[in-house]
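K.L.:
Here's a structure for you.
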Amino acid sequence: MPSNRSSWITAGNLALITVIACGGGLVPATSAQAASTLTGPLAKAIPTPAPTPTPTPTTTSAPVPEEDETESSPEPDEEAQTLAAAAAAPITRSKMIARAKTWKPGTAQRIPYSQTKKHGGYRTDCSGYASMALGLGKPGQITVGLAKSAYSRPIKMSQLLRGDLVIDAIGSNTTRHVVIFDRWANAGRTSYWAYEQRGGYGTDYRTRNYGLAAKSQYKAYRALNIRDDAPPPTTVTRAQVIARAKTWKPATAQRVPYSQTKKLGGYRTDGSGYVSMTLGLAKPGPITTALATSTHTRPIKMTDLLQGDLVIDPVGGNTARQALIFDRWADAKRTSYWAYQQRSGYGTDHRVVKHGLTSGTQFRAYRPVRIR
């Protein structure tokens, strides 16, 4: 213990300072609190801070542009963007537009615009909407991210195709915007139809001219995961089907022998391969059961048969199923007809048959979707 009272007071005050500043579980004291506790010279040694002025709140009432997009979420780093972009599954242009339509653009059922809410896991702002249409990862890239090389590449405005993007990636988060190009609105290409998620409204479909004016900050981009739709199947005339059927020399010594494993001109030399060849379908030709699906044909009545239509039995094993090409009726009463077929044990044939005309038959009439 200190030897005199003055030293004892000093030591006590120092102990008090130690407890206030470092006490376990205690709230640290300010210098002002410490000074108010002390007396004498030590109190004068600790300055009392000036009071902190209370800030005056300010408000702004600036209007929000219809293209407003406050992207409060932090932008992903480059590595994360690259990984996310690589994981994006390819999507066709028609499928992208179909996805864009699910938010009911321009209708009373449209998705309201919001920078914080989500629909189906995607942000309901413009970049979230574009990300949803492209099938990108949820909750969606921000506008600046969509314009980066991890997700898209720049193209000319004149090169825009359905499903491409028009993006303003410059400026503040209240001016950036992205729309989905659909089609040109006129022959002069002075405007175009676009899908967008716009501030103050929601999902919309309307004509726009973003990017068409000189020095516009809007630029055209093509998403890396978008793919062109497969070209529509080429059509074939009934006369062409019959002409192709004759190239395998039916009912002659030069006919093509029947086989489920061998090919001629890339087509299997069985019944379905022969039919596929006459219709110009992809080699080596779909099997009989596939020919009877909506991908290739549609059912019709036997009485509606025209040259080039098919008569198919798609039921049973691969030794029971058959496919024939209708040529013409063999008699006025339509009790039989001429047909081309590749038949087991013989090969290419042209003969009179009654398949599909008897009760209980599994043969049905079909019209190829590609025939004209």
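K.L.:
Picking from 362, 307, which residue would you name as being part of a loop (DSSP other than H, G, I, E, B) and touching a helix residue (DSSP H, G or I) at 6+ places or on another chain (Cβ under 6 Å)?
P.N.:
Working: 362 fails: touching a helix residue (DSSP H, G or I) at 6+ places or on another chain (Cβ under 6 Å).
Within the list 362, 307, the selection yields 307.
K.L.:
Something else now. Would you tally the residues in region 262-284 being modelled with pLDDT of 95 or more, crowded, with 22+ Cβ neighbours inside 10 Å and either assigned to a loop (DSSP other than H, G, I, E, B) or among the β-branched types (Val, Ile, Thr) (or both)?
P.N.:
4
K.L.:
Let me ask something else. Name every residue in region 202-235 that is aromatic (Phe, Trp, Tyr) and touching a Gly at 6+ places or on another chain (Cβ under 9 Å), in order of residue number. Before the answer, list the steps.
P.N.:
Just the residues of region 202-235 that are aromatic (Phe, Trp, Tyr), to begin with: 205, 210, 218, 221.
Selection gives 205, 218.
K.L.:
Let me ask another. Name the single residue that is most open to solvent (accessible area, probe 1.4 Å) among those in region 218-249 being out of contact with any Ser or Thr (no Cβ under 8 Å at 6 or more places or on another chain) and farther than 30 Å from residue 306 by Cα.
P.N.:
Across region 218-249, the extreme among qualifying residues is 219.
K.L.:
Right, something else. Just checking, how many residues over region 128-142 are crowded, with 24+ Cβ neighbours inside 10 Å, at negative phi and either in contact with a strand residue (DSSP E or B) (Cβ under 7 Å, 6 or more places away or on another chain) or of a type in the set (Gly, Ala, Ser) (or both)?
P.N.:
Final tally of qualifying residues: 7.
K.L.:
I'd like the full set of residues that are modelled with pLDDT under 95, surrounded by 15 or more Cβ atoms within 10 Å (Cβ to Cβ) and more than 15 Å from residue 365 (Cβ to Cβ), limited to region 291-341.
P.N.:
The one that is modelled with pLDDT under 95, surrounded by 15 or more Cβ atoms within 10 Å (Cβ to Cβ) and more than 15 Å from residue 365 (Cβ to Cβ): 321.
K.L.:
Could you tell me which numbered condition residue 185 fails, if it satisfies all but one of (1) closer than 21 Å to residue 136 by Cβ; (2) open to solvent by less than 50 Å² (accessible area, probe 1.4 Å); (3) in contact with a strand residue (DSSP E or B) (Cβ under 9 Å, 6 or more places away or on another chain)?
P.N.:
It is condition (1) that residue 185 fails.
K.L.:
Further question: Taking interchain pairs and intrachain pairs at least six residues apart, which have beta carbon atoms under 6 angstrom, with the first residue in region 325-343 and assigned to a loop (DSSP other than H, G, I, E, B) and the second surrounded by 17 or more Cβ atoms within 10 Å (Cβ to Cβ)?
P.N.:
That search, which allows pairs on different chains as well, returns 330/337.
K.L.:
Have a look at 266, 317 and point out the one that is under 18 Å from residue 348 (Cα atoms) and either in contact with a Gly (Cβ under 6 Å, 6 or more places away or on another chain) or among the small types (Gly, Ala, Ser) (or both).
P.N.:
Of 266, 317, the one residue that is under 18 Å from residue 348 (Cα atoms) and either in contact with a Gly (Cβ under 6 Å, 6 or more places away or on another chain) or among the small types (Gly, Ala, Ser) (or both) is 266.
K.L.:
Under the condition of being part of a loop (DSSP other than H, G, I, E, B) and touching a Lys or Arg at 6+ places or on another chain (Cβ under 9 Å), which residue from region 188-209 is most open to solvent (accessible area, probe 1.4 Å)?
P.N.:
201
K.L.:
Where residues in region 143-167 are crowded, with 17+ Cβ neighbours inside 10 Å and of a type in the set (S, T, N, Q), which of them is farthest from the chain's Cα centre (by Cα)?
P.N.:
Looking at residues that are crowded, with 17+ Cβ neighbours inside 10 Å and of a type in the set (S, T, N, Q), I get 143.
K.L.:
The conditions are (1) over 30 Å from residue 309 (Cα atoms); (2) open to solvent by less than 40 Å² (accessible area, probe 1.4 Å); (3) modelled with pLDDT of 95 or more, and residue 212 fails exactly one of them. Which is it?
P.N.:
Evaluating residue 212 over (1) over 30 Å from residue 309 (Cα atoms); (2) open to solvent by less than 40 Å² (accessible area, probe 1.4 Å); (3) modelled with pLDDT of 95 or more leaves (2) as the failure.
K.L.:
Inspect region 136-143 for any residue being part of a helix (DSSP H, G or I), of a type outside the set (Ser, Thr, Tyr), more than 14 Å from residue 219 (Cα to Cα) and at pLDDT 95 or above and give the result as yes or no.
P.N.:
No: zero hits.
K.L.:
Taking the stated definitions as given, is residue 366 loosely packed, with under 15 Cβ neighbours inside 10 Å and either in contact with a Pro (Cβ under 9 Å, 6 or more places away or on another chain) or acidic (Asp, Glu) (or both)? Give the steps one after another, and end with the answer.
P.N.:
Numbers: loosely packed, with under 15 Cβ neighbours inside 10 Å: no; either in contact with a Pro (Cβ under 9 Å, 6 or more places away or on another chain) or acidic (Asp, Glu) (or both): yes.
Answer is no for this residue.
The values are calculated or read from the model by the stated rules, or taken from the named source; none is laboratory data. Please read these numbers as outputs of a predicted model, since none were measured by experiment. Cβ atoms come from the backbone with ideal geometry, glycine included; neighbour counts cover every protein chain shown. When the accessible area is computed, the model is the full protein with side chains, heavy atoms only, and any ligands, DNA or RNA have been set aside. Shrake-Rupley method; radii C 1.70, N 1.55, O 1.52, S 1.80 Å.
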